[in-house]
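One structure below.
The values are calculated or read from the model by the stated rules, or taken from the named source; none is laboratory data. As the structure is a computational prediction, the values presented were derived from the model and not from experiment. So basically every Cβ, Gly included, is an ideal-geometry build from the backbone, and we count neighbours across all protein chains shown. Just the protein is used for accessible areas: all its heavy atoms, side chains included, with ligands, DNA and RNA removed. Shrake-Rupley method; radii C 1.70, N 1.55, O 1.52, S 1.80 Å.
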2 protein chains.
Amino acid sequence: MLKRHPANPLLTPRDVKPSRGGYVVRGVFNPGAALFNDTIILLARVAEGCEPKAGYISVPYYKFNAGQGTAEILEKPQNDPDLQLKDSRGVVYKSTDYLSTISHVRLAQSRDGIHFKMPDKPFLFPCDASECYGIEDARVSMIDGKYYITYTAVSGDGWAAALALTEDFKTVHRKGIIFPPLTKNVVLFPEKIHKKYYALARPHNIGFGRPSIWISESPDLLHWGNHKCLLRPRNISFEKEKIGPGPPPIKTDRGWLVIYHAKGQDQAYSLFLALLDLNNPTHVLKRSKTPVLYPKLPYEQRGFVPNVVFSNGLVVKPDGGIMLYYGCCDDGIALVQTNIPELLSILKQEA
Amino acid sequence: MLKRHPANPLLTPRDVKPSRGGYVVRGVFNPGAALFNDTIILLARVAEGCEPKAGYISVPYYKFNAGQGTAEILEKPQNDPDLQLKDSRGVVYKSTDYLSTISHVRLAQSRDGIHFKMPDKPFLFPCDASECYGIEDARVSMIDGKYYITYTAVSGDGWAAALALTEDFKTVHRKGIIFPPLTKNVVLFPEKIHKKYYALARPHNIGFGRPSIWISESPDLLHWGNHKCLLRPRNISFEKEKIGPGPPPIKTDRGWLVIYHAKGQDQAYSLFLALLDLNNPTHVLKRSKTPVLYPKLPYEQRGFVPNVVFSNGLVVKPDGGIMLYYGCCDDGIALVQTNIPELLSILKQEA
């Protein structure tokens with residue numbers, strides 16, 4: 001088991017100002033992470049709902065105009081005949097779906113990686129109909145000096161993986177949907193391997209099989225193919241429901257070090273390790289037998305979704321130290337500090 | 001409504017020899033089609049099960065060795081304690097799934113497009129674990145003199161869209177999975193549009209929305225991106241459940257003519273028309289209001305899956321005549337003969 005930082009949780013909804021009046025921050029979680037100059041940057045998912053108002057149903061929604069999204073509120077009397085309560089996720093008003101919370105991505109920055117400042121302004125905000133139910137779980141991969149951000153775009157057409165690009169964490173260029181629905185958790189390898197880019201993803205399969213980790217190739221980061229199933233959930237209780245990619249793979253002498261999430265029989269999300277061949281990442285060398293992180297502390301066990309540790313962001317420091325950030329219960333953000341030798345030695349003992 | 005050919009159905013399971021002893025052909029349906037020299041070629045889906053044997057459960061399965069699949073039979077006494085009957089789709093034996101039928105692709109050829117000869121040997125047979133539950137619904141697009149075949153590869157990891165290439169309908173080169181699970185019904189446009197290849201697909205969305213037709217771009221036919229939702233099911237009873245792409249789009253003066261399938265409130269599959277901008281196929285110009293083909297005749301209403309007309313193959317003859325082949329009830333193959341002016345005039349009247 002990895003060691004939690006004593007300052008955990010580093011960020012909670014109380015630290016985040018809503019993106020507009022009438023909104024309430026329900027969670028700040030699942031951050032992508034990057035080292036930019038001497039600053040550690042988190043791209044955190046911020047989920048917002050509406051302030052409750054007695055006798056009314058209020059839900060957030062986004063309105064789009066010329067590539068810009070604005071946050072709005074639908075407020076209707078509880079007994080409005082056009083209003084149908086659905087489940088905890090939202091309501092239907094005049095046959096349009098509304099959700100109880102919608103996410104966008106907020107940038108937080110820190111010198112020490114522990115104390116973060118977060119501007120009030122969203123960093124990545126839904127900008128068209130393909131993102132009308134929000135933007136979730138950004139992952140940042142630094143490739144050739146540029147920062148590529150993969151995130152989940154959610155809409156009435158399902159959820160899909162989109163790509164954006166920034167060089168300065170100020171201007172962002174959107175590159176469209178790179179994996180069709182229903183794909184989540186797309187993460188890019190930080191460099192080309194034999195002239196090809198690689199990504200890990202978690203397509204949503206149903207019927208046969210359980211959601212697994214796939215690997216895909218690209219000539220240009222925009223177009224993807226040669227999709228292959230790489231890692232499947234094993235018949236162990238921790239991985240019973242599904243597994244999916246975590247933060248960008250880390251290049252080590254021994255291979256590509258992969259941190260992935262698993263959802264178990266008890267519905268808890270935990271973190272596991274795998275090692276892929278350096279020259280051929282479609283070849284799995286090792287896989288840990290037990291979680292390296294499992295929800296144990298109060299902030300990992302209690303929150304919007306109980307018993308969740310979920311990581312999609314880490315920073316490898318020049319000295320080989322790893323700051324591994326993780327979302328807790330779709331609620332807050334926490335940190336474990338580790339390093340490459342420690343993770344490799346866990347894999348060596350366990351595999 | 002389009003006019004059926006009086007010789008329908010052109011092919012039924014009785015016309016097809018099983019791929020091995022002990023197998024029974026349950027359906028020959030959903031053919032891709034191509035004009036190759038002066039021959040009309042169908043790449044038909046052949047679904048096979050096992051000959052029933054009293055007191056036993058027999059199911060087909062494929063064994064793989066060095067890129068070759070061989071057809072096998074699992075035969076167990078009905079009361080075998082390791083055997084669990086699942087649903088109509090199959091059984092579980094020692095925690096491995098088996099299906100009641102598995103599909104491969106068989107080539108049929110004809111001079112007149114009506115009378116077909118079908119060799120006993122499969123044309124495309126599952127060759128690795130990603131196809132272990134079969135190969136379904138091939139579509140053929142002729143691009144720059146080569147024939148590109150997209151098909152559904154089914155395995156324990158879900159179903160995905162794979163690509164294969166042939167120049168002579170003898171040697172086939174497999175190009176891997178081009179759309180991750182759960183994607184079906186991928187069909188390629190027959191030429192580049194402004195230096196990009198295009199495809200239509202039906203990703204499987206669930207939760208929000210209903211399965212729709214998406215459009216994607218590629219520089220090389222192997223890697224795909226910029227996925228966009230193009231056509232969604234409308235609130236009409238014929239399209240209530242889902243819609244998906246049919247045969248390759250046809251280039252006309254007025255735009256790309258698209259034939260698509262729709263599953264309605266009554267669970268029937270029917271065929272509709274749409275017209276896309278010639279220069280920008282992400283732009284929909286027209287869409288028919290009623291089906292151009294709806295299950296009406298006995299061979300379209302009764303069979304393995306009742307009330308299905310489903311098309312993934314057509315041939316445009318040099319004189320502009322269209323041979324539109326379609327699967328009936330996952331059982332047989334039928335034909336309508338039409339032409340570009342007739343389809344455009346339906347769209348003009350209806351849109």
- request: May I ask you to find the residues of the range B:210-246 that are shielded by at least 50 Å² of accessible area once the whole protein assembly is considered instead of their isolated chain (probe 1.4 Å)?
  value: B:214, B:223, B:227
message: How much length would be gained if the chain were fully extended between residue B:279 and residue B:206, taking 0.36 nm per residue of separation minus their Cα-Cα distance, in nm to one decimal?
response: 23.1 nm
query: Shortest first and in nm to one decimal, what separations exist between residue B:253 and its copies in the other chains, measuring from label points 7 Å along the Cα-to-beta-carbon line?
result: 7.2
Residue list for the range B:8-36, given a label point 7 angstrom along the Cα-to-Cβ vector of residue B:73 and an amide N cut-off under 18 Å: B:17-27
statement: Taking every C-alpha to C-alpha distance in the range A:83-124 and binning by 10 Å from 0, the per-bin percentages run 25, 27, 21, 19, 8
message: Going Cα to Cα from residue B:53, which lysines come in below 16 Å? Please leave out same-chain ones fewer than 8 positions away.
response: B:76
- line: In deg cm²/dmol, rounded to the nearest 500, the helical mean residue ellipticity at 222 nm of the protein assembly as shown, built from -39500 (n - 2.57) for every DSSP H run of length 4 or more, is -1000 deg cm²/dmol
task: Work out from phi, with θ = phi - 60° and the Karplus expression 6.51 cos²θ - 1.76 cosθ + 1.60, the ³J(HN,Hα) of each residue of the range A:276-286, listed in order in whole Hz, and give x for Gly and Pro.
output: 10, 4, 4, 8, 9, x, 7, 10, 8, 8, 8
query: In Å², rounded to the nearest 100, what is the total accessible surface buried by chains A and B against each other with a 1.4 Å probe?
result: 3000 Å²
For residue A:206, label point 7 Å along C-beta direction: distances to other copies, nm: 0.3
- prompt: Can you give me the relative contact order of the range B:3-350 as a percent, contacts being Cα pairs under 8 Å and 6 or more apart?
  reply: 15 percent
task: Report the residues of the range A:189-231 in range of a label on residue A:265: point 7 Å along Cα→C-beta, backbone N strictly under 20 Å from it.
output: A:209-212
Translational D in µm²/s for the protein assembly as shown (Stokes-Einstein at 20 °C, 1.002 mPa s, Kirkwood Rh from C-alpha pairs): 80 µm²/s
- request: Rounded to whole Å, how close does chain A get to the rotation axis onto B by Cβ? Give me the residue too, please?
  value: A:223, 2
message: Calculate log10 I(q)/I(0) of chain A for q = 0.09, 0.13, 0.15 Å⁻¹, where I(q) comes from the Debye formula with a single equal point scatterer on each Cα and nothing for solvent.
response: -0.46, -0.99, -1.34
- prompt: In whole percent, how big is the carbon plus sulfur part of the accessible area of the protein assembly as shown, probe 1.4 Å, protein atoms only?
  reply: 49 percent
message: I want to verify a result. In a Gaussian network model of chain B, Cα cutoff 10 Å, which of these has the top mean-square fluctuation: B:27, B:255, B:145?
response: B:145
Net dipole in debye of the range B:3-350 [+1 Lys, Arg Cβ; -1 Asp, Glu Cβ; about Cα centre; nearest 20]: 700 debye
- request: Kindly give the distances from residue A:298 to its copy-mates, label point to label point, with each label point 7 Å from Cα along Cα→Cβ, as nm values to one decimal ordered shortest first.
  value: 7.5
query: Which of these, B:194, B:104, B:223, has the largest mean-square fluctuation under a Gaussian network model of chain B (Cα springs below 10 Å)?
result: B:194
message: Based on alpha-carbon centroids, what's the gap between the range A:1-67 and the range B:187-245 in Å, whole number please?
response: 33 Å
message: Give the lysines whose C-alpha is closer than 25 Å to that of residue B:196, dropping any in the same chain fewer than 8 places away, or say none.
response: A:175, A:192, A:195, A:196, A:228, B:146, B:175, B:184, B:228, B:251, B:286
- line: Taking Cα pairs closer than 8 Å and at least 6 residues apart, the relative contact order of the range B:108-200 in percent is 19 percent
- request: For the range A:173-199, list whatever residues lose no less than 50 Å² of accessible surface once every protein chain is in place, relative to that chain by itself, with the probe at 1.4 Å.
  value: A:177, A:180, A:181, A:182
message: Pick from B:175, B:94, B:117 the residue whose mean-square fluctuation is largest in a GNM of chain B, springs joining Cα atoms under 10 Å.
response: B:94
statement: Charge tally for neighbours of residue A:177 with beta carbon under 12 Å away, counting Lys, Arg as +1 and Asp, Glu as -1, is -1
